[in-house]
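Enquirer: Right, I'll just put the structure down here and ask away after.
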Amino acid sequence: MEKDWHKEDILAAVRKKKKSLAALSRESGLASGTLNYALNRPWARGEHIIAQAIGVAPEDIWPSRYLQTEKNKKHQMRRPVNDNGQTAGYLIKNIVNQ
């Protein structure tokens with residue numbers, strides 16, 4: 001099984017794109033420090049925003065969060081995310097409220 005990228009490698013990849021995690025957070029309508037959560041714990045929306053910024057699939061950056069084994073199958077249920085980093089629940093709520 002492949003290892004997850006080290007968080008410093010993720011930050012370096014973001015910096016190579018002339019960005020910072022804080023800037024990405026603000027561009028996504030989040031508070032400056034919000035994307036830091038995705039570096040330390042599973043958060044599909046944050047993972048998607050970071051991955052899109054550096055041009056790599058989230059499952060390539062965090063394979064342990066996406067690849068399923070018998071041991072972690074029940075803990076790895078991920079909510080689908082669209083191209084804007086929004087979960088299906090967010091989309092359904094907005095459709096119903098329109």
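Enquirer: Taking region 40-54, which residues are free of Cβ contacts under 8 Å to residues at least 40 places away in the same chain and crowded, with 20+ Cβ neighbours inside 10 Å?
Expert: Passing the criteria: 46, 47, 48, 49, 51.
Enquirer: Is there any pair with a first residue in region 7-27 that is small (Gly, Ala, Ser) and a second that is crowded, with 16+ Cβ neighbours inside 10 Å whose Cβ atoms are under 7 Å apart and which are 6 or more apart or on different chains, and what are they?
Expert: The qualifying pairs are 13/54; 20/14; 25/34; 25/35.
Every read-out reported here was derived from the displayed coordinates using simple, explicitly stated rules and does not represent laboratory data. Small disclaimer: the values here were computed from a predicted structure and weren't measured. Please note: Cβ atoms are built from the backbone with ideal geometry, for glycine as well, and neighbour counts cover all protein chains shown.
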